[in-house]
Amino acid sequence: MEFGADDLFKKLRDVLLAKPLYFDIVTLETPWQRKWAGKLNRNLAMEQHENMCVVLKNEGVKCHFLPIVEKDPDQKDIRDVGIISSKGAIVATQKHIDVKDGETEAFMKFCDENNIPVLNKNYKIRFEGGDFFFVDELTAIIGIGARTEFVSAEAIQKLLNKPNMQIIPHKVSHHLDGAFNIISKNLVVLDERYVNVEYFPYIKNNKIISTSGEDFMTMPTNFLLLNENKILADSNCHRFNRILEREGVEVVEVDVSELKKNGGSIRCMTLPILRK
């Protein structure tokens with residue numbers, strides 16, 4: 001299998017997904033999760049996930065699926081299991097290892113079966129993929145917060161050897177992509193309530209579209225970049241999606257309203273394998 005998602009601005013070709021077969025809420029870290037605990041519609045979640053896959057295929061993206069981890073309620077948020085560079089994969093040791101540990105084994109199995117080297121096969125790095133952004137061959141961004149430690153960022157930097165690895169502290173309860181995302185080489189979205197612009201070098205030469213006026217729990221920044229200036233976004237972020245369109249962004253929408261109820265939207269549910 002071809003692999004490597006280092007250049008964010010190249011077209012997404014292959015993506016890894018995980019079906020929400022055991023979809024549930026077991027970690028109550030946000031008011032959003034507490035609101036929906038015990039009220040999820042698993043059949044609707046499966047239907048929405050299948051629809052998202054259809055939309056991705058229609059956009060020319062080949063969908064691959066992680067082996068099912070028995071009784072894993074959070075598996076659909078595949079992004080957190082690691083990252084895939086042109087050198088190989090880095091497998092994450094996630095915060096909630098009691099329910100997420102099976103994902104590590106499944107991801108390593110997927111990599112092995114598809115001839116993707118695992119760069120940290122013999123040691124663990126505690127981070128989650130929602131805190132990580134490839135930008136280009138020189139630049140990457142990693143958020144430091146509740147799920148990713150500074151020492152982990154240093155370990156990833158050594159493995160990837162990116163000369164411009166920006167380590168960004170944030171106050172999001174889970175990941176940096178809850179408050180930040182990249183649309184093009186000169187356009188980003190950011191919620192300044194959770195990330196200090198002064199300590200974020202990458203965005204200083206970019207136009208910032210603020211999400212600070214949006215409801216944080218609708219996760220307007222948690223979209224997937226399909227190609228530069230083209231995103232796959234939740235149709236329920238309707239108002240913000242129209243703002244992006246007025247900036248010249250092409251927005252492809254899909255309904256993930258049920259899938260979001262456990263705290264992860266489209267970026268959380270997709271792990272890029274190849275961009276070219």
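The values are calculated or read from the model by the stated rules, or taken from the named source; none is laboratory data. Note that the structure is predicted; figures quoted are calculated from it, not measured. No Cβ is skipped: glycine too gets one built from the backbone with ideal geometry, and neighbour counts run over all protein chains shown.
Observations on the model:
- Residues considered: 230, 204, 276, 158. Of these, the only one that is in contact (Cβ under 8 Å) with a residue 24 or more places away in the chain and basic (Lys, Arg) is 276.
- Residues of region 54-64 satisfying the condition of being surrounded by fewer than 18 Cβ atoms within 10 Å (Cβ to Cβ) and not in a loop (DSSP other than H, G, I, E, B): 54, 55, 57, 58, 62, 63, 64
A quick yes/no check of all residues on (1) on the phi > 0 side of the Ramachandran plot; (2) in contact with a Cys (Cβ under 9 Å, 6 or more places away or on another chain); (3) at pLDDT below 95; (4) hydrophobic (A, V, I, L, M, F, W, C):
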| position | (1), (2), (3), (4) |
| --- | --- |
| 235 | no, no, no, no |
| 240 | no, no, no, yes |
| 246 | no, no, no, no |
| 252 | no, no, no, yes |
| 255 | no, no, no, no |
| 262 | no, no, yes, no |
| 266 | no, no, no, yes |
| 269 | no, no, no, yes |
| 272 | no, no, no, no |
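- Of all residues making up region 212-262, the number that are among the charged types (D, E, K, R), part of a helix (DSSP H, G or I) and more than 19 Å from residue 193 (Cβ to Cβ): 5
- Residues located in region 65-101, provided they are of a type outside the set (A, V, I, L, M, F, W, C), surrounded by 17 or more Cβ atoms within 10 Å (Cβ to Cβ) and more than 15 Å from the chain's Cα centre (by Cα): 72, 73, 88, 93, 95, 100
- Region 102-138 - residue that is within 17 Å of the chain's Cα centre (by Cα) and surrounded by fewer than 19 Cβ atoms within 10 Å (Cβ to Cβ) and, of those, farthest from residue 180 (Cα to Cα): 104
- So residue 88, is it in contact with a Pro (Cβ under 6 Å, 6 or more places away or on another chain) and modelled with pLDDT of 95 or more: yes
- Screening region 27-38 for residues that are part of a helix (DSSP H, G or I) and at pLDDT below 70 and picking the one that is surrounded by the most Cβ atoms within 10 Å (Cβ to Cβ) gives 32.
- Taking region 4-26 as the range and being assigned to a loop (DSSP other than H, G, I, E, B), crowded, with 20+ Cβ neighbours inside 10 Å and among the hydrophobic types (A, V, I, L, M, F, W, C) as the test, the residues that pass are 5, 8, 18, 23, 25.
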